[in-house]
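The values are calculated or read from the model by the stated rules, or taken from the named source; none is laboratory data. Small disclaimer: the values here were computed from a predicted structure and weren't measured. Neighbour counts are summed over all protein chains in view; Cβ atoms, including those assigned to glycine, are modelled from backbone coordinates with ideal geometry.
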Amino acid sequence: MLFEAGRGPAFTLSCDVHERATIIRVGGELGFTSAPLLREQLDRFRGPGTAFLIVDLTDVTFCDSVGLSELVSALQHSEAVGTRFALSGVHGYLARVLTITGLRKTFEIHPGPEDALRQASAARPDGGRAGSPEPDDAPPPPAPAS
């Protein structure tokens, strides 16, 4: 069974705030009974004070369709309020399910929360990423000489 429950610890949540980025660390089984707890935590940090919200799933031992639905909902709500949303530590069954459902391409995914924070700190204040192409309103490069 694809969503077979593991024998891991009870559901755990913790939060770390780094300037305008927040990491929500999830552990144990993310499912029917624990998804509302994750939603409450996410709701506390969505909005203008948080530019980047990272959900670290490194310690998740199980995720059912309700847990997966909560992650999709969190992404949608974050986009609606202008908060960048990413997952980190995706592995095992959850990685497989995200791949099979095509959701792996929907989420911004990082190996670990530190990787996501590094990328967030490299982002320019205007919302662009360091090393990204010039904005559309930049003057075009000079034409090659004939």
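With respect to the conditions (1) more than 12 Å from the chain's Cα centre (by Cα); (2) buried (at least 20 other Cβ atoms within 10 Å of the Cβ); (3) of a type outside the set (Lys, Arg); (4) closer than 22 Å to residue 101 by Cα, residue 11 falls short on a single one, namely (4). Taking the stretch 102-117 as the range and being in a strand (DSSP E or B) and not charged (D, E, K, R) as the test, the residues that pass are 109, 110. For the stretch 97-119, the condition of being at pLDDT below 50, in contact with a Ser or Thr (Cβ under 9 Å, 6 or more places away or on another chain) and surrounded by 10 or more Cβ atoms within 10 Å (Cβ to Cβ) holds for none of the residues. Can you find even one residue in the stretch 31-41 that is over 17 Å from residue 10 (Cα atoms) and aliphatic (A, V, I, L, M)? No; the residues of the stretch 31-41 include none that is over 17 Å from residue 10 (Cα atoms) and aliphatic (A, V, I, L, M).
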